[in-house]
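Everything below concerns the one structure shown next.
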Amino acid sequence: MSAVGEWLLDAGRIAALTLLVALPWFAGYLFPDRIMAAGAAVLVCSLLALIGCGLGARRRGPGLAGAWWPIAGFLGWLLAATATSVYLHASLVSLLNIGSYVAMLALFASLFGLERWRRRAWIAVAGAGAVEGIVGLREWTQTVIYQGDTSWRTFGTFYNPNVLAGYLLVIIPAAVVALTFAGQQAREREERPRLALIAAGFVLLIPSVALLLTGSRAGLLGALLGGAVFVVAAPTRLRLRWVLAAAVALAALALVAPPIRARIVSAATQSHSAAFRWYTWVGTTQMVRARPLLGFGPGTFEHAYPRYAQAGFTRMAHQTPLQIAAEAGLPALVLLVAAVGALVRPMILGLREGGARAIEVAAGLAAMAAVGLHNMADYTWFVPAVGLTLSAVAGLSLAAAREVPETERDAGGRAWTCWAGAALALVMLIGCLPGLRAQMLAERGRAEMARQRYRMAAGWLRQAAEADPLDADILQDLGQATAAWGPGGLARAVEVRLRAAELNPLDAGNYLALSQLYRELDRQESALAAARRAIEVHPNCPRAHVVLAQVQEEAGMDEEALETWRALERVHESPVGRYQAVTEVTDFSYAYAWLALGRAAEEDGEVERAKRYFTRAARLAGEFARIQRKREELLRALGNWDEAEVQEAERLGAEAQRRLKRIQQTPEERGES
């Protein structure tokens, strides 16, 4: 049985290393299907390793030791917060994500105690990062060549440039370790060419340059802190020499290459992003005050935040500690800090060993410090590719901090813990599979909707909803498809969307869709109630104000509608309207308000005021339509093109232009009596 256990343990190691290499290619996004896929892969690796341990195989690693208790406390508190979550499905997905981080940390701390396995792991991490860096450099180079845009922020296979920066902050310390191993090998075999050393140098250089091209200010600061921690933690002359050489090379590259210099300058002078983050943190702090003990539930930030938003819409808080406090309460944040401290302590003690092992430990400390600082202004830890890679690097550093001799075996009486862990991993894996199936079915349904095959789309989405009955997003898509494909669909769509509202009562978009369905069914009171509910859960939502005002106008409530248009204008003048996640125009809803307010001003004889309103409406709607038409080919390829929305913006802009032209030709404008 022991031989089988050893085989399974090695299979778990190989599977974990394969996953590390594959993570950038599928887990660089926060989509539920990517999180579930990454979590399921980690559970498979854990299951192999735990069964192997249960059959008598040696772990050959120290494991998490004293860090288990604060980590277990943190996970337990997340579970308690899930019980009171405002949206259970989002919390379960988030629990899977964070649980997979802990499993990855335990895997690498427990199974990679032997140097040969750690060496392979460090090389796998560094190699995966180098490939990702090449992808990022290629993307940036092609953009410069074909579009002439040297300010392009590269993001490779990740969600955005900041997430890529967070991943590279983990990769660079691992590349330093790989370079150290290559240097040792070169000294031991002086008669051979130093090809491995040269390759390791490029493995370090490529992600470092790619980090500059992301233009992430917090990422650059994180890299500086990580470098400082590494130098302090591993202060031998050899290590310091390599670090200084790399720093000088990167500084020279930044000064000599104009595009890279432009990225650094633009990152240092950008103010819009800082203001947007500040107001986001203010709103998140209000969330913490509203529910300081258990929060709104893990993974529910994007659903609960709109009620407290002080700036434009965002799905993440752009500060990980603050988001954890908002989602799971202040005790969860305290427990997480305690868990990090319990992990760091044995690493610091392990620095006393010196040599290559101390460099491995220093690399883990540097990666944790760099990502930690980055996440004071961003959210990259929540992205599976970043969080899982960081967990692996931290686990490797723990394994290096207390290397277990090959002859040492686990203490007796531990087999039951392995079997209990294997049972838990199996249960979680079985629970995860229906969610993965639902996501695949939902993707097929959404693809059919993009082709306007609504009946077929409804069939796929109905199967997806049956596979995962807790996912409100799938139900919303099902409601959209049901409303479009046939007679009687509107009433059935209302039922589906009401069920989605029960699962996730804080989604303003679902209430707006309900309001539209009620309008088509000629149920004005219900349409008004749904639109008001949308504003209740998202007070600063421009589209919700538009829908409510339109329903009020249809009901003959002209004064109430005018007040709603004024409220929308106040939203635009507030930080919500001034500071969006991106600077370009992504919403033309304010043009509706300006057009309505311009008509009211014209009726009141306020010509100049009406002209200002019409001008603003024409400019905003026209700019939105222009940007969308410019990207039409790309958006169609991605399945995100909305022809009706663009036509509505063009119609709105044309109407504003027509009214502006007419008002400029009035007798008063020409000075006639």
Task: Residues of the stretch 303-324 satisfying the condition of being under 28 Å from Ala72 (Cβ atoms) and free of Cβ contacts under 8 Å to residues at least 40 places away in the same chain - done: Ile324
TODO: Hey, can you tell me all the residues within the stretch 272-302 that are in contact (Cβ under 8 Å) with a residue 40 or more places away in the chain and surrounded by 23 or more Cβ atoms within 10 Å (Cβ to Cβ)?
DONE: Thr284, Gly295, Phe296, Gly297, Pro298, Gly299, Thr300
TODO: Kindly indicate which of Phe230, Phe202 is under 14 Å from Ile123 (Cα atoms), of a type outside the set (A, V, I, L, M) and either touching a residue at least 24 places away in the same chain (Cβ under 8 Å) or surrounded by fewer than 18 Cβ atoms within 10 Å (Cβ to Cβ) (or both).
DONE: Phe202
Task: Members of the stretch 611-664 found to be aliphatic (A, V, I, L, M) and open to solvent by 40 Å² or more (accessible area, probe 1.4 Å), listed by number - done: Leu634, Ala637, Leu638, Ala644, Ala654
- [ ] Name the single residue, out of those in the stretch 76-90 being open to solvent by 50 Å² or more (accessible area, probe 1.4 Å) and not aromatic (Phe, Trp, Tyr), that is farthest from Ala472 (Cα to Cα).
- [x] Leu79
- [ ] Please give the helices (runs of 4 or more DSSP H) falling wholly within the stretch 608-673 in which 2 or more residues are at pLDDT 90 or above.
- [x] 643-664
- [ ] State which residue is surrounded by the most Cβ atoms within 10 Å (Cβ to Cβ) when the search covers only the stretch 578-595 and only residues that are of a type in the set (A, V, I, L, M) and in a helix (DSSP H, G or I).
- [x] Ala591
Open item on the list: Suppose we filter the stretch 152-191 for residues that are of a type in the set (D, E, K, R) and either touching a Ser or Thr at 6+ places or on another chain (Cβ under 9 Å) or in contact (Cβ under 8 Å) with a residue 24 or more places away in the chain (or both); how many remain?
Closed with: 1
Task: Residue among Leu349, Leu335 that is modelled with pLDDT of 95 or more, touching a helix residue (DSSP H, G or I) at 6+ places or on another chain (Cβ under 9 Å) and open to solvent by 10 Å² or more (accessible area, probe 1.4 Å) - done: Leu335
Open item on the list: Could you list, ordered by first residue, the pairs with Cβ atoms under 9 Å in which the first is in the stretch 13-27 and under 13 Å from Ala392 (Cα atoms) and the second is basic (Lys, Arg), at least 6 apart or interchain?
Closed with: Arg13/Arg120; Leu17/Arg120
Open item on the list: Among the numbered criteria (1) of a type outside the set (A, V, I, L, M, F, W, C); (2) in contact with a Ser or Thr (Cβ under 7 Å, 6 or more places away or on another chain); (3) closer than 30 Å to Gln664 by Cα, which one does Arg609 miss?
Closed with: (2)
- [ ] Taking the options Glu602, Glu563, Glu569, Glu632, name whichever one is of a type in the set (Asp, Glu) and within 30 Å of Gln452 (Cα to Cα).
- [x] Glu632
TODO: Filter the stretch 575-585 down to residues that are under 17 Å from Gln310 (Cα atoms) and either of a type outside the set (S, T, N, Q) or at pLDDT 90 or above (or both) and give me whichever is nearest to the chain's Cα centre (by Cα).
DONE: Ala581
TODO: Quickly run through the stretch 308-326 and pick out the residues that are within 19 Å of Leu88 (Cβ to Cβ) and at pLDDT 95 or above.
DONE: Gln323, Ile324, Ala326
TODO: Considering only the stretch 551-577, state which residues are assigned to a helix (DSSP H, G or I), open to solvent by 30 Å² or more (accessible area, probe 1.4 Å) and free of Cβ contacts under 8 Å to residues at least 24 places away in the same chain.
DONE: Glu553, Asp558, Glu559, Glu560, Glu563, Arg570, Glu573
Open item on the list: If I filter the stretch 596-604 for residues that are farther than 18 Å from Leu620 by Cα, in contact with a Lys or Arg (Cβ under 6 Å, 6 or more places away or on another chain) and in a helix (DSSP H, G or I), do I get at least one hit?
Closed with: yes
- [ ] Looking for whichever is hydrophobic (A, V, I, L, M, F, W, C), in contact with a Cys (Cβ under 9 Å, 6 or more places away or on another chain) and closer than 30 Å to Thr300 by Cβ here; the options are Leu107, Leu169. Which one fits?
- [x] Leu107
- [ ] Give the residue that is farthest from the chain's Cα centre (by Cα), with candidates limited to residues of the stretch 539-550 that are surrounded by fewer than 24 Cβ atoms within 10 Å (Cβ to Cβ) and more than 8 Å from Leu512 (Cβ to Cβ).
- [x] Gln550
TODO: Mind telling me which of the residues Gly421, Gly395, Gly445 ends up being under 30 Å from Phe108 (Cα atoms) and at pLDDT 90 or above?
DONE: Gly395
Open item on the list: Regarding the stretch 162-175, can at least one residue be identified that is buried (at least 24 other Cβ atoms within 10 Å of the Cβ), among the polar types (S, T, N, Q) and at pLDDT below 95?
Closed with: yes
TODO: Look through the stretch 284-339, keep the residues that are of a type in the set (Val, Ile, Thr) and assigned to a helix (DSSP H, G or I), and return whichever of them is nearest to Gly577 (Cα to Cα).
DONE: Thr284
- [ ] Just name the residue that is nearest to Ala27 (Cα to Cα) out of those in the stretch 107-151 that are open to solvent by 50 Å² or more (accessible area, probe 1.4 Å), in contact (Cβ under 8 Å) with a residue 24 or more places away in the chain and not charged (D, E, K, R).
- [x] Val131
Open item on the list: Show the residue pairs meeting these rules: Cβ distance below 8 Å; 6+ apart or different chains; first residue within the stretch 586-606 and modelled with pLDDT of 90 or more; second residue of a type in the set (Ser, Thr, Tyr) and crowded, with 22+ Cβ neighbours inside 10 Å.
Closed with: Trp594/Tyr613; Leu595/Tyr613; Leu597/Tyr613; Gly598/Tyr613; Ala601/Tyr613
TODO: For Leu330, indicate whether it is within 18 Å of Phe74 (Cβ to Cβ) and modelled with pLDDT of 95 or more.
DONE: yes
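The values are calculated or read from the model by the stated rules, or taken from the named source; none is laboratory data. Please read these numbers as outputs of a predicted model, since none were measured by experiment. With ideal geometry, Cβ positions are generated from the backbone for all residues, glycine too; neighbour counts draw on all protein chains shown. Just the protein is used for accessible areas: all its heavy atoms, side chains included, with ligands, DNA and RNA removed. Shrake-Rupley method; radii C 1.70, N 1.55, O 1.52, S 1.80 Å.
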